[in-house]
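Report on the structure given below.
Just so you know, all these numbers are worked out from the coordinates, no wet-lab data involved. Since we're looking at a predicted model, the values are computed, not measured. A quick note on method: Cβ atoms are made from the backbone with ideal geometry, for glycine too, and the neighbour counts reach across all protein chains shown.
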Amino acid sequence: MITFDGVSKLYEHRTKAVDKLDLHIQENEFFVLIGPSGCGKTTTLKMINRLIDVSEGSIFIDDKKITEYDIHELRWNIGYVLQQIALFPHMTIAENIAIVPELKMWGRKQIQDRVDKLLEMVGLNPAIYRNRKPAELSGGQQQRIGVARALAADPRIILMDEPFSALDPISREKLQNDMLHLKQTINKTIVFVTHDIREALKLGDRICIMKEGKVLQIGSPDEILHHP
Ligand code: ADP
Ligand code: ADP
């Protein structure tokens, strides 16, 4: 579904962040990118929704080059979750989730139903949380809102850049477990960046270990564990 064909990224000062990368990410796969800091994980992720342009090679989604899609359509059809979710502090949780343009045309009731369903999906009681402000939520709960917002437009692809790594170990473990449950209930292609091998093995269908902008090893958790 997502294909990298000889993709390289050269930043200024000639840092080659990604080096002739070939990847095939399957539909509905939970694909983890892992490796040490600076190995090119974030660069790889951000090239998918064109937050960063490739220097060489091409990326395809459904056999169509990403440069051939309308960029706004591309971005809004790819959910994106960051390490530190930026919620609008003056807006309620429901408003923060419904900010996605796709929902703008919807009726009030329809939006509320959708927001409530999303809150349930990420393990928060809608009746309690929908009218709260972000400041009233814990770090873990804010990340849950980030996941809900990424799911709001029902995109087929979700990019997650170390979404749980700023959390304390207990919240982190809870979110990982919920993510595991969520991945079984939604049909999404997820590209997930982490530097935590335990997290990668727990969540990934396949794990891609990167080193200096290249693929060092790629395989299922089983393959990674037994053929290191
Ligand atoms: P990771 O996500 O694995 O930590 P990154 O993709 O962020 O790695 O970075 C890969 C390499 O590219 C690193 O050497 C980093 O310093 C460099 N890099 C990242 N962003 C920029 C940038 N905007 N300008 C120049 N170099 C960058
Ligand atoms: P964190 O991930 O930051 O630890 P939690 O998800 O553990 O946050 O939730 C923090 C607080 O919110 C806990 O006291 C928990 O009981 C409460 N909480 C979590 N989920 C719900 C829910 N669906 N309904 C009501 N309260 C909840």
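The table for this structure:
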quantity: Label-point separation in nm, Lys202 to Glu223, each point 7 Å along Cα→Cβ; calculated: 2.4 nm
quantity: Packing-based exposure ordering (other Cβ within 10 Å, fewest first) of His226, His195; calculated: His226, His195
quantity: Intensity falloff of the stretch 179-225 expressed as log10 I(q)/I(0), Debye formula with alpha-carbon point scatterers, at q = 0.20, 0.22 Å⁻¹; calculated: -0.69, -0.82
quantity: Calculated on alpha-carbon atoms, Rg and Dmax of the stretch 89-217 in Å; calculated: 15.7, 49
quantity: Mean separation of Cα contacts under 8 Å, 6 or more apart, over the residue count of the stretch 106-195: relative contact order %; calculated: 30 percent
quantity: Separation of alpha-carbon centers, the stretch 3-25 and the stretch 181-220, rounded to whole Å; calculated: 18 Å
quantity: Semi-axes of the equivalent ellipsoid for the stretch 97-165, Cα gyration tensor, largest first, Å; calculated: 19, 16, 9
quantity: Histogram of C-alpha separations across the stretch 33-96, 5 Å bin width, %; calculated: 3, 14, 20, 21, 16, 13, 9, 4, 1
quantity: Stokes-Einstein translational diffusion, the stretch 43-160 - Kirkwood Rh over all Cα pairs, 0.890 mPa s, 25 °C, in µm²/s; calculated: 162 µm²/s
quantity: Span per principal axis, largest first, for the Cα atoms of the stretch 1-71 (Å); calculated: 33, 25, 19
quantity: Qualifying GluC sites (Glu not before Pro) in the stretch 134-205, DSSP loop, other Cβ atoms within 10 Å at most 14; calculated: none
quantity: Sequence of Ser8, Ser220 once ranked by neighbouring C-beta atoms within 10 Å, starting from the fewest; calculated: Ser220, Ser8
quantity: Inverse of mean 1/r across different Cα pairs in the chain, Kirkwood, Å; calculated: 18.2 Å
quantity: Among beta bridges that DSSP assigns inside the chain, antiparallel share in %, nearest 5; calculated: 50 percent
